[in-house]
1. Filter segment 147-165 down to the residues that are buried (at least 22 other Cβ atoms within 10 Å of the Cβ) and farther than 17 Å from residue 98 by Cα, then identify the one that is nearest to the ligand (Cβ to nearest atom).
2. How do the pairs read when you match residues in segment 155-166 that are more than 20 Å from residue 111 (Cβ to Cβ) with residues anywhere that are near the ligand (Cβ under 6 Å from one of its atoms) and aromatic (Phe, Trp, Tyr), using Cβ under 7 Å and keeping only pairs 6 or more apart or on different chains?
3. Only one of (1) within 15 Å of the ligand (Cβ to nearest atom); (2) of a type outside the set (Phe, Trp, Tyr); (3) surrounded by 21 or more Cβ atoms within 10 Å (Cβ to Cβ); (4) under 24 Å from residue 184 (Cβ atoms) fails for residue 47. Which number is that?
4. In segment 126-140, is there at least one residue being near the ligand (Cβ under 10 Å from one of its atoms), surrounded by 24 or more Cβ atoms within 10 Å (Cβ to Cβ) and among the polar types (S, T, N, Q)?
5. Quick check: anything in segment 96-111 in contact with a helix residue (DSSP H, G or I) (Cβ under 8 Å, 6 or more places away or on another chain), over 20 Å from residue 423 (Cβ atoms) and surrounded by 24 or more Cβ atoms within 10 Å (Cβ to Cβ)?
6. For segment 175-193, give me the residue count where each residue is near the ligand (Cβ under 8 Å from one of its atoms) and within 25 Å of residue 312 (Cβ to Cβ).
7. Check 63, 17 and return the single one that is under 22 Å from residue 218 (Cβ atoms), touching a strand residue (DSSP E or B) at 6+ places or on another chain (Cβ under 6 Å) and not assigned by TED's automatic domain parsing to the domain that holds residue 429.
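The values are calculated or read from the model by the stated rules, or taken from the named source; none is laboratory data. Everything numeric here is computed off the predicted structure, so don't read it as measured data. Quick reminder, even Gly has a Cβ in these numbers, built from the backbone with ideal geometry, and neighbours come from all protein chains shown.
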Amino acid sequence: MSNELAEVDPAAIEALATELRELLGEAAVSTEDGTLDRASRDGSHLSPVIQEQLPLGRAQIVAYPATAELIAATVGAAVRHGVPITPRGKGTANYGQTIPMAGGLVLDTSKARTVHEIGDGYLIADAGVTMLSLEQAANKTGQQLLMYPSTANSTLGGFVSGGSGGTGSIKNGLLHWGMVEELWVVHAVPDAELVHVTGDEAAKYVHNYGTAGIIARLRIGLEPAQDWRAFLASFDTFEQALSVIRPFAVLDPTPRLVSADLATLAEALPADDAIPAGRASLRAILDVASLDAARKLVEDAGGRVEDIREGAAASMKLSMISYNHPIEWLQKAYPGTYFHVEVSGDALVDRIDEVHAVYDGGMLHIEAQRERPIGMLAGRYSSAEEVYAGFARLEALGVGYHNPHQWFVDFEPERTAALAATTDPQGLLNPGKLVGAAVDTGSQIADITDRS
Ligand SMILES: Cc1cc2nc3c(=O)[nH]c(=O)nc-3n(C[C@H](O)[C@H](O)[C@H](O)COP(=O)(O)OP(=O)(O)OC[C@H]3O[C@@H](n4cnc5c(N)ncnc54)[C@H](O)[C@@H]3O)c2cc1C
């Protein structure tokens, strides 16, 4: 299906292009077709439901401001020309959040990657720096990030605006619970500038896709570095792997990551001798002090430890095949076959056969969390209706779910709408994503995001 795409008056785009070229330099502004196409895609290929609706929007101009101050100046120029602005980091968001649905300007932050300061327990960086380079920079000072996503090459601004958690979340929870200490945000006003917000005020800009302000610079918390090991184990059955998920979550010191897959999902991952064919796989990033306890848990459950690897790169490799990544690999192995739903709850362990039966070909990828496991439930795709019909069946099993097949802000939508009414009075920021509480997004978002 091809949609009629929204477009801004080309004369306004031309005028904005002239102003931005003056401000940022020729190389930092593009209206070239290939660039516009690339800036209009994100990770929504993960959803066959969204894929059926593509294209949902196309950029008319892309700008690459290289500092937080230039991000503010770029926003101001776009507002003065009445051009919608869709902020973009690396464009890996998997719900279509990064698609410029009203056309206009894609403000790509990926060149704004200065790390300004790393102190005891914190760092300050511009929005476009990647999570991977921040982790490496923190490591050099004997510290580590509180969390980073499996898309470790994505940007800090994009993760805070569109992501939720990942490696580090077993101990430190999801983004909404305190990684962000201070923000310098830009509102959609003609004389846009950096607005410094802290604490609860800063929290209002987290995970709402830039609809209330563009994040230009951030101060985030760090913790002391630990001596991590990449730990790979395998089991005859997925049930055996599941039986250690909750005990692994409470190992002391807390693991940075614990992921498990049944054999079919594990076989779709990149080849690794420690992920043997035909066996359920468990992969964890463990503090060296917890290795003996972890080995005992695996062996008592009938599994075997395949390998224990040293070095940051080995752990990062496990991060990059966690969370949504096994689903992406599954889709690569079986093109056009699978969709997924984000799920949570003890039923993922206690009622796995019933959970798998919710969808035809159901397969769970699971991640340990301290409160309750979370995961991605894959199923064979037939129609959007079938996907939605499964939500009631999940609910009946006591499984929390989040619908990854829609792009609306569904975390604190009313709070964001109230904020955006003052920070984006013309509705120019990432149009199409913020509908307040008006739309039923088919998610029990609280079940995925709440700590209580
Ligand atoms: C295979 C796969 C695995 C993933 N794994 C994880 C995971 O483990 N954990 C997780 O949380 N997410 C995950 N994601 C989702 C996504 O990759 C991450 O959230 C990532 O950190 C987003 O960063 P980005 O730079 O790509 O942001 P983008 O996709 O560019 O942007 C994300 C959203 O934020 C907005 N935005 C971007 N920059 C800014 C800014 N500076 N200010 C305001 N708004 C902005 C965009 O408009 C968009 O709405 C995964 C996605 C895929 C496809």
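1. The qualifying residue nearest to the ligand (Cβ to nearest atom) is 150.
2. Between residues of segment 155-166 that are more than 20 Å from residue 111 (Cβ to Cβ) and residues that are near the ligand (Cβ under 6 Å from one of its atoms) and aromatic (Phe, Trp, Tyr), the close pairs are 166/323.
3. (4)
4. Taking every residue of segment 126-140 in turn, none turns out to be near the ligand (Cβ under 10 Å from one of its atoms), surrounded by 24 or more Cβ atoms within 10 Å (Cβ to Cβ) and among the polar types (S, T, N, Q).
5. Yes, the conditions are met somewhere in segment 96-111.
6. Residues flagged as near the ligand (Cβ under 8 Å from one of its atoms) and within 25 Å of residue 312 (Cβ to Cβ) within segment 175-193 amount to 1.
7. Going through 63, 17 in turn, the sole match is 63.
Residues are listed down the side, and each one gets a yes or a no for (1) within 30 Å of the chain's Cα centre (by Cα); (2) among the hydroxyl-bearing types (Ser, Thr, Tyr); (3) surrounded by 19 or more Cβ atoms within 10 Å (Cβ to Cβ); (4) part of a loop (DSSP other than H, G, I, E, B):
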site	(1), (2), (3), (4)
4	yes, no, no, yes
11	no, no, no, no
16	no, no, yes, no
21	no, no, no, no
27	yes, no, no, no
